[in-house]
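Report on one structure; see the data block that follows.
The values are calculated or read from the model by the stated rules, or taken from the named source; none is laboratory data. Model, not experiment: these values are computed from the prediction. Neighbour counts are summed over all protein chains in view; Cβ atoms, including those assigned to glycine, are modelled from backbone coordinates with ideal geometry.
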Amino acid sequence: MIRIIVVHQTRLIASLIASVLTEEEGIYVVGLATSVEEALGKVERSNCNMMLVAATLPNQGALTLTREMVKLDPTVKVMAIGMPDSENMILQYVMAGAAGYVLQDVTTERLLENIWAAHNEKALISPDIAAKLINQLAELARVSSQQALDPLAVEELTPRERDVLNLIGEGMTNQEIAEQLVVEVGTVKTHVHNILKKLDVANREEAAAFLPFLEDEAEDGPETAVSDT
């Protein structure tokens, strides 16, 4: 029996997902939550053994919740739903302890397949994503063989540089990052230069290897675009 808490920032969408899941024999939705705090508060009371967490939770909430659940109760499997097709982001979730993930364009059938696979200690990964993960792990191994990653190095990054590094991890170009943060491309290039220098790496891929060490500082609030001008 699978007992699921559905976590989505929009309660209506969480309810719609729940209504689909409850039609599957053997799956019971035991709670809905719209935030990390609400989800954590329902874990013990609901006796859940799985969480479906929207990757779109604000301030990287899904990653935060995944890490918190690994510490709080590793027997509760966390699956990220609505993931972008980004190898760096998927790797972040895998390294955070996620039991599985589904992409943004997933069908109901595929979602259910992934839920049952995770419940049975398996993971369904498309060949394309598997290849990307292998490539990323190979890159991490290469970087690690050249230098010992220093988790403390990320503490040198400013909040805005952390924002940029997270977006690099999502595979965004400088232009896309500039549009996301509403700043000039030149400003983004400066941030990227500073990130590479502070982390003592040669390129964006090596910088992305530090993402697992990057603590979420979302509670401090994002910087405004004015600070970059």
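Side notes on the structure shown:
- Looking only at region 19-40, and only at residues there that are more than 16 Å from Leu57 (Cβ to Cβ) and in contact with a Leu (Cβ under 6 Å, 6 or more places away or on another chain), the one that is surrounded by the most Cβ atoms within 10 Å (Cβ to Cβ): Val29
- Test set (1) free of Cβ contacts under 8 Å to residues at least 12 places away in the same chain; (2) part of a strand (DSSP E or B); (3) among the aliphatic types (A, V, I, L, M) - Val29 fails condition number: (1)
- Residue count for region 48-73, restricted to those that are small (Gly, Ala, Ser) and free of Cβ contacts under 8 Å to residues at least 12 places away in the same chain: 0.
- Exclusive hit being among the aliphatic types (A, V, I, L, M), under 17 Å from the mean Cα position of the chain (by Cα) and either loosely packed, with under 14 Cβ neighbours inside 10 Å or outside the structural domain of Thr173 (by TED's automatic domain parsing) (or both), set Leu111, Leu91, Leu16: Leu91
- One residue stands out among those in region 134-160 that are modelled with pLDDT of 75 or more and closer than 20 Å to Ser86 by Cα: the one that is farthest from the chain's Cα centre (by Cα), which is Ala138.
- Filtered residues of region 33-67 (kept if among the charged types (D, E, K, R) and either under 14 Å from Thr10 (Cβ atoms) or in contact with a strand residue (DSSP E or B) (Cβ under 6 Å, 6 or more places away or on another chain) (or both)): Glu38, Lys42
- Test: Thr56 is touching a His at 6+ places or on another chain (Cβ under 7 Å) and either surrounded by fewer than 19 Cβ atoms within 10 Å (Cβ to Cβ) or not aliphatic (A, V, I, L, M) (or both): no
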